[in-house]
Amino acid sequence: MAIIRKAACPLNCWDSCGLQVTIENGKVVKVEGDPDHPITKGKICGRGRMLVDRTNSSKRLLHPLKKINGQFVEISWDQALDEIAGKLKEIKTRFGTTAVLHSHDYANNGILKNLDQRFFNCYGGVTELYGSLCWGAGIEAQNWDFGGAYSHEPNDIYHSKNIVIWGRNVARTNMHFYEQLLKAKKLGAKLYVINPLYNAPAKLADDFITIKPGMDGLLAAGIMKEILRLGLEDRTFIEQFTYGFTDLVQLLNEMTIAQISEMTEIPAELITKLAYVYADKPTSTYMGLGMQRYRNGGNTIRLIDALVAISGNIGIPGGGANYANTQVGQSFAFEELTMPNRRQAHRQFSIMKQAENVLTATNPEIKMIVVTCGNPLTQVPDSSIVEKAFTSVDTLVVMEQYMTDTARLADYVLPITTAFEEEDFYYASMYHHYVNYGPKLVSAPGEAKPDLWVWTQLAERLGFGQDFQFTRKEWLEMTLKPLAKHGLSLESLIEQHTMELPVAKIPWHDRKFKTPSGKFEFTSLLAQQKGENGKLTLALPDESKWSKPDLADKYPYNLLTIHPMRSNHSQNYHLLGGKVKLKVEIAQNIADELSLQNGDYVRVWNDRGEVKGYISILPAAHPNTINIDEGIWQEFGGSVNLLTSNKESDNGLGSTLYDCLVNLERIPLNE
């Protein structure tokens, strides 16, 4: 007999949906949306529905594997754990604990996934990663400007007179927000979409502004110049609640509107129109994560923040510089969960340059890499270096559900459970401020085990098992301790299945910013405390015809690598029935210049590498723009990160995945 249980989506996604899961004969047979969830209201995307396949696929890893003479052999859990623990003991004794690199990303959002940090801290402290492939430059940028990256709660959009969707395809990455846009439009809001690619939100827009990739900060500067020229700025906000405005004015005088128009490839009159849009308050701005994946990425977000500030759209209903909502994650007891005080040594590598640093590390060299919640061979930029680095160490351990590109390189692969096979709770720091409870619904197949079980077993073998002697309920209660003063508890979360967290629904409404000055900072004092200049600049992408004309002559096309429609990063490609092909989406002018048609087989290359795939012509894309979806496995054509740079953003905490020039040519199908 089938039963239906409420659950939660574990995917690293804006929407963090509530689910209804149908179980029959101990097996998940259907995943649908929970109609009672206050935000997602019963609708989920195809990636969420594919959790059925992800749980039940015959391709699941079922037993611990060890590579012997280049081939994987099934071994027992005891053997795998004994051998891994033995290697960790030896490394600690001979080289020190920082000879271990923990490579972690965010493939799943369960709060207890963070217990890997507790394990490595109790071990003594290892080499960890800092920064983010995804959103790091923008988070740091808003920390400099506001003291935090906080967004308005979802329903505040209905207070907006104008809505600017800047570099964000919400139909693909944030479907419930897309539905809200439809409703807001019906209520009379005007919608403006700024993007190099024509997408579903652009079809709704009152104006679609197509922009040269990487030039978004310059556009924001141009709009600010026009606001000031026309006297449309909010003088009260600027004079009472901001710091460093004279530095901003001086910067804006360094470039003319004509120059900005030429470099952004946007008509000057459209820049002027956007100045009036921002002055016609309340105007809300919703930024995507792609704009900050350039060398100038942090500065880009800061310039957009500055535009929102001088137009007086900070701290008012219907306004906001909405990029992320990290106040959501501040609700939980991370320090008690992860125990950073137990570190005796600590070293950090940039997540972008982790492979390069593995190859060059000394005192100590990296002897072991442990991969959790990630597939770095596919997701980390400059994949050729990643493969070289991850095969250079003595031992590579990968905890996985499937034989990913990274797992294929491993010495040990440990099979772990899916979200429906373990209890946890889930949230996202990008969109809404609700936490969702996910009960254990079914038993795991084979010998797949929860991450927590693996850490507990290893901890016992390494002599700190007492630090993991908690029940799963006790772990969850530990994380929720800060919420007790708000009357929120694990019991209420389990009973209600979702729970509203205490956040500021309209951030900065009290005009009290968490910066050193207590004001919005055009010139960042926090940045200066960190040894940076702190002033805004008119910086450009590292790879552009303006920065490197010789490189642009050789590689004339801008490559974007946006999120796929049917896979959460690299997670689902192997489940799509063998229909996956690497699709090279190109602007019409490229097709015309190279006489390309849909379906043509092409090579895309630069000095870092190449990929091959099939042409799809994009309507209304900005000239000289190419897109290849990220996350594609080697067996389906290879990761686009063979082409991308592992450089860091201007503030050191983000990737430069979109800061990428390439060339393209048609080739015979058999090459």
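Highest mean first, what order results for 538-544, 240-246, 228-234 on Cβ atoms within 10 Å?
On the way: 538-544: 21.4, 240-246: 17.1, 228-234: 15.4.
Put in order of decreasing packing, that is 538-544, 240-246, 228-234.
Relative to the Cα centre, what is the charge dipole magnitude of the chain, using +1 at the beta carbon of each Lys and Arg, -1 at the beta carbon of each Asp and Glu, and rounding to the nearest 20 debye? The partial results should precede the final answer.
On the way: 69 positive and 77 negative charges, 145 e Å.
Computed about the Cα centre, the dipole is about 700 debye.
The alpha-carbon positions of the range 145-270 define a convex hull whose volume is 138 Å³ per residue.
With R₀ fixed at 41 Å, the C-beta to C-beta distance from residue 228 to residue 155 puts the FRET efficiency at about 0.80. Among the cysteines of the chain, 13, 45, 122, 134, 373, 660 have no other cysteine beta carbon within less than 4.7 Å of their own.
Suppose R0 equals 56 Å; then what is the FRET efficiency for residue 388 and residue 32 from their Cβ-Cβ distance, rounded to the nearest 0.05? Before the final figure, lay out the partial values.
Numbers: r = 44 Å, r/R0 = 0.78.
Approximately 0.80, to the nearest 0.05.
Based on the Cβ-Cβ distance of residue 94 and residue 635, what FRET efficiency does E = 1/(1 + (r/R0)^6) give at R0 = 35 Å, to the nearest 0.05? Don't skip to the answer; put the middle values down first.
Working: r = 38 Å, r/R0 = 1.08.
Between residue 94 and residue 635 the formula returns 0.40.
Compactness of the range 206-339 is given as radius of gyration and Dmax, 16.3, 55 Å, from Cα positions.
Please give the length that would be gained between residue 589 and residue 269 if that part of the chain were fully extended, namely 0.36 nm times their separation in residues minus their C-alpha to C-alpha distance (nm, one decimal). Let's see the in-between values first.
Values: separation 320, 0.36 × 320 = 115.20 nm, distance 2.38 nm.
Stretched out fully, the residue 589 to residue 269 stretch lengthens by 112.8 nm.
With bins 10 Å wide beginning at 0, the percent of Cα pairs of the chain falling in each bin runs 3, 15, 25, 27, 20, 8, 1, 0.
Inter-label distance, residue 235 to residue 443: 7.5 nm, where each label sits 7 Å from its Cα along the C-beta direction.
How much length is gained if the chain between residue 663 and residue 612 is pulled fully straight, taking 0.36 nm per residue apart and subtracting their Cα-Cα distance, in nm to one decimal?
Once the chain is fully extended between residue 663 and residue 612, it gains 17.2 nm.
If you bin all the Cα-Cα distances of the range 237-313 at 5 Å, starting from zero, the percentages per bin are 3, 12, 19, 26, 27, 12, 2, 0. Note on the range 44-177: semi-axes of the ellipsoid equivalent to its C-alpha gyration tensor, largest first and rounded to whole Å, are 40, 24, 12.
Once the convex hull of all Cα atoms in the range 401-474 is built, its volume per residue stands at 147 Å³.
Peptides 547-560, 199-212 ordered by packing proxy, namely the average of other Cβ atoms within 10 Å per residue, highest first: 199-212, 547-560. The radius of gyration of the Cα set in the range 448-555, together with its Dmax, comes out at 24.5, 62 angstrom. Sorted on the mean count of surrounding Cβ atoms within 10 Å across their residues, most packed first, peptides 401-413, 296-308 read 296-308, 401-413.
Starting from 0.36 nm per residue, how many nanometres of slack lie between residue 509 and residue 25 once their C-alpha separation is accounted for? Present the calculation step by step, with values, prior to reporting the outcome.
Working: separation 484, 0.36 × 484 = 174.24 nm, distance 5.19 nm.
Between residue 509 and residue 25, full extension yields an extra 169.0 nm.
Between the listed residues 470, 413, 362, the Cα displaced farthest toward the positive end of the dipole of the chain, a dipole computed from Cβ unit charges relative to the Cα centre, is found at 470.
The three principal axes of the C-alpha atoms in the range 549-666 carry coordinate ranges of 43, 40, 25 Å, sorted with the longest axis first.
Laboratory data are not the source of any read-out in this text; all were calculated from the coordinates shown. What you see is a predicted model; the values in this text were computed from it and never measured. Note that each Cβ is placed from the backbone with ideal geometry, even for glycine, and that neighbours are counted across all protein chains shown.
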